[in-house]
Amino acid sequence: MSHKNDFQVLAKSEPEMTLQHHIEDCLNIFSELKLCFHNLPLAGVDCFWKSVYTAVVIHDLGKAHPDFQALLRKMKNAWHMQRHELFSVCFTEQMKMADVEKRLIAFAVAGHHKSLNELADYVRKNYKSSQRNELWDDFEDDEEKKEFINEFGKIDQEYVNALLSFYGIDFKEKDKFEYGIIEQIRNLKKFRSVAESSMFLNQLLLVGALKQCDHLASAGIKALGKLELRDFDFLYSHALYIHQQEASEAIGHVILSAPTGSGKTETALLWLKKQLHENGQGRVFYVLPFTASINAMYERLDGNFSKDERKVGMQHGKLAQYLEYRLSEDDEILDETEKRQLLEDFKSLVTPLKVVTPFQLLKHLFGLRGFEKGMFEWCGCYLIFDEIHAYDPKVFAQVVVLLKFMIGYMKANVHIMTATLPGFMRRELEVVLGTCTEIHATRELYEKFDRHRVRLQSGKLIDSLNDIQNRLDQGQHVLVVCNTVAMAQQVFKKLEAEKKVLLHGAFNGADRYGQEKRLRCEEIDLLVGTQAIEVSLDIDYDCIYTEPAPLDALIQRFGRVNRKRAKGICDCCIFEERNDTDHFIYQDAQVIERTLAVLREIECENDGIIKEYFLQQAIDYVYPDWNEKNREEYNNVMNFLEYDVIHCLSPLEYSEQREEEFTRQFNGIQVLPVSLKGLFQDFLDMNQFIKAESLLVNVSEKRFVALLKQGQLIKEKFAFESGKTGKVYEKDVYVINRKYSHELGLLINEDETENVDSCIL
């Protein structure tokens, strides 16, 4: 397109980019979206994509305002407190289309940066009102406020018309514009819908698609990855088990039951290949409960899928730290811009398969800011849930609501897999999935996986360290699992081994990554850990000593022993007596008692050998149903969240309270050990913010409150200068007066008396 003023119409200044160039980038992403999302849950898909196209062309037209252009060029201007989308939305009135379509486009364009409530605040604060209404209840007119119609009239309409014509937008030319932005915003707020409304999905997905186009284009992304059927060729290097063959032929939802180590991940991928063949492209979410297991699964999948282009990404709360340390490990030198780009790729639609925690999906269900963009990714998606039994009743209830929404509204297909799943949890999932294929590994295969022998030990684990030490002295590789961090630290200090590692949740990010790296790269003689080792860590030990725990947790722990079935039958030693504090971890004493009863039966009747096919029966004995407390918690959470999603979730409406509730529930509170204050400041001064963040340690909300009351947490300010802007910023951090060791982690019961900075891994 050529126009006399084209040269001066910019979309952004750093780097300088014309408005038309930005529109072209957005339309490129638009084309990519059409290729990646074959199963939109909408009637009239062609009409939807036409609306997205129009919204892309229109969304930044307000930037043609001369004061905004002066702002971009750092020239004198009167742009203060104006928003370009308020002007952009007015151009929808020129479009020749049905009123409902026009309103949908206006809705998306208005909200592609801010909520409608925030835009209403801008209108109230900056523009004069012609009459009293609800938008001006708390604001008085004054002479400094602007007349919106006058401001809109400053935009070069000739340029806009030329741009619309160039992109084939059918519009009416107008000589006079009398747009009432007050009325426009008020009507859009009234237009906003909730999930039970027929308009909800149209609003949600149009907003989400526009935001995807705008944000991805602005991030410099040119193409979105796609999974091809040939990407799955690596799955056929070995003959398939029967349950894998069945999964490769199943269409729709699947629940898989198979023993640990029987290729459940490969089974899920075979199912995924079939769905892609039948239904076409859709984003894939591989859901795991813990960060360590996500990192491990990402590396595993990335090694198989990624050849010439990145096909696998991941999302969790420590993603930036993981990338920082993993890149340095691989000697991959990236500048800060490249690091940000990589992080954006992982978080965005760039990778077709993402390994995630359930919280990365749930945050959209809670309506956190930008949830429309996240939910757009769910259209026709494929969900793989691994170790779904690992969630407590509260989180499991939220996962169930999530599945209901994604299946009912987004046409998601779901694959659930587990070694053991209590019957009452299975029944809840079966109701949600409706029609589904249940796949079980064969009895013959289960018998091939008999690899563990139960050895019940009287007393407490801490009192039998000599037995464990004898195993180590004999050259065995030993796994020890404790129920609390404090006990794991105590055991680790007392046992001797040439190469030993401690793994739990009270390490900072840097040290935790160092521990995981050692497990990946070295043959470790002794691993002492907590529940952190239960899920999806690819480790293989000769024997295990563990404190008593629920049977499902023990099964996961046993799965880290003789994983490859090359060692015959290996000992799993379970102590019958709990430590003094693990009742905070496992509160239901009856579950522990029933677990021990099952183990005694195995020890007596089967010479201690665990028959894998028997475990599901054993699980159902240990967990006949929810206990009263868990059932009440499950029902309360499920009923509340389901009601909230159906009746309260609304596009372009965000709540700080909801965000606080979500953050408080799922994110531990981070604190800085006092001995690391100096290093933290050094990293800030060097603008190495990810490394600074990696020094923080998570503590529970309950622990945080207790320490705060005891005066063991002090909120401190850390000042630093931005290397980019030269401005001085401050960061508030809670400093904890507890000892910290790179080998042991946070010693929560030991005061730090000397404020000496430690060196980092």
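Of all DSSP beta bridges confined to the chain, the antiparallel ones make up roughly 30%.
Here the alpha carbons of region 365-462 define both size measures, Rg and Dmax, at 18.1, 55 Å.
Farthest toward the positive end of the dipole of the chain, out of Gly303, Gly153, Tyr643, is the Cα of Gly153, where the dipole comes from beta carbon charges about the Cα centre.
The magnitude of the dipole of region 451-610, with charges of +1 and -1 set on the Cβ of Lys/Arg and Asp/Glu and taken from the Cα centre, is near 500 debye. When you filter the trypsin sites (Lys or Arg not before Pro) in region 1-79 for DSSP loop state and at most 13 other Cβ atoms inside 10 Å of their Cβ, you are left with Lys4, Arg73, Lys74, Lys76.
Projecting the Cα positions of Leu362, His59, Ser675 onto the charge dipole of the chain (unit charges on Cβ atoms of Lys, Arg, Asp and Glu, taken about the Cα centre) puts His59 furthest along the positive direction.
Measuring how big region 617-682 is from its alpha-carbon positions, Rg and Dmax come out at 20.1, 56 Å.
Averaging the Cα positions of each part gives two centres, and for region 408-452 and region 161-232 these lie 39 Å apart. Using all pairs of distinct alpha-carbon atoms, the Kirkwood hydrodynamic radius of region 451-610 works out to 15.8 angstrom. The stretch between Tyr236 and Val728, if pulled fully straight at 0.36 nm per residue, gains 171.4 nm over its current Cα-Cα span. Remark: spin-label model distance Asp644-Lys702 equals 2.1 nm, labels positioned 7 Å along the Cα→Cβ axis. For the pair Arg73 and Glu522, label points projected 7 Å from Cα toward Cβ lie 6.1 nm apart. The three principal axes of the Cα atoms in region 25-97 give end-to-end lengths of 49, 25, 17 Å, sorted in falling order. Taking all Cα-Cα distances within region 668-751, those exceeding 21 Å account for 30%. Over 19 Å between Cα atoms: which of Lys114/Lys189; Lys114/Lys724; Lys63/Lys114; Lys34/Lys373; Lys63/Lys727; Lys226/Lys274 fall into that group? Exceeds cut-off: Lys114/Lys724; Lys63/Lys727. Computing FRET efficiency as 1/(1 + (r/R0)^6) for Asp751 and Lys226, where r is the C-beta to C-beta distance and R0 is 35 Å, gives about 0.05.
Please state the shape class of region 206-314: rounded when a/c is under 1.5, otherwise prolate if a/b exceeds b/c and oblate if not, all from the C-alpha gyration tensor.
prolate
Normalised Debye scattering of the chain at q = 0.05, 0.07 Å⁻¹ gives log10 I(q)/I(0) of -0.30, -0.58, counting only Cα atoms as equal scatterers and leaving out solvent.
Share of Cα-Cα pairs in region 355-394 beyond 11 Å, in percent? All intermediate terms of the calculation are to be shown ahead of the outcome.
Details: 545 of 780 pairs.
In whole percent, the long-distance tail amounts to 70.
Take the Cα of Gln245, step 7 Å toward its Cβ, do the same at Lys154, and the gap between the two points is 7.3 nm.
Each Lys and Arg Cβ is given +1 and each Asp and Glu Cβ -1; about its Cα centre, region 200-262 then shows a dipole of about 300 debye. Within region 6-218, the proportion of Cα pairs with more than 25 Å between them is 38 percent. Among the GluC sites (Glu not before Pro) found in region 480-582, those both in a DSSP coil and sparsely packed, with 12 or fewer other Cβ atoms within 10 Å of their Cβ, are Glu496, Glu498, Glu522, Glu523. Can you figure out the FRET efficiency of Val431 with Lys629, using R₀ = 35 Å and their beta-carbon distance, to the nearest 0.05? Here the calculated transfer efficiency is 0.95. Along the axis of the charge dipole computed for the chain (Cβ charges of +1 for Lys and Arg, -1 for Asp and Glu, origin at the Cα centre), the listed residues Leu229, Pro550, Asn627 are led at the positive end by Leu229. Structural descriptor for the chain: relative contact order 13 percent, calculated from alpha carbon pairs under 8 angstrom and at least 6 residues apart.
This model, with +1 at the C-beta of Lys and Arg and -1 at the C-beta of Asp and Glu, gives the chain a dipole about its Cα centre of some 960 debye. Shown for Met75, Met375: other C-beta atoms within 10 Å of each C-beta, ranked fewest to most, produce the order Met75, Met375.
Each reported figure results from applying straightforward, stated rules to the coordinates on display, with no laboratory input. Everything numeric here is computed off the predicted structure, so don't read it as measured data. When we count neighbours, we look across all protein chains shown, and the Cβ atoms used for this are built from the backbone with ideal geometry, even at glycine.
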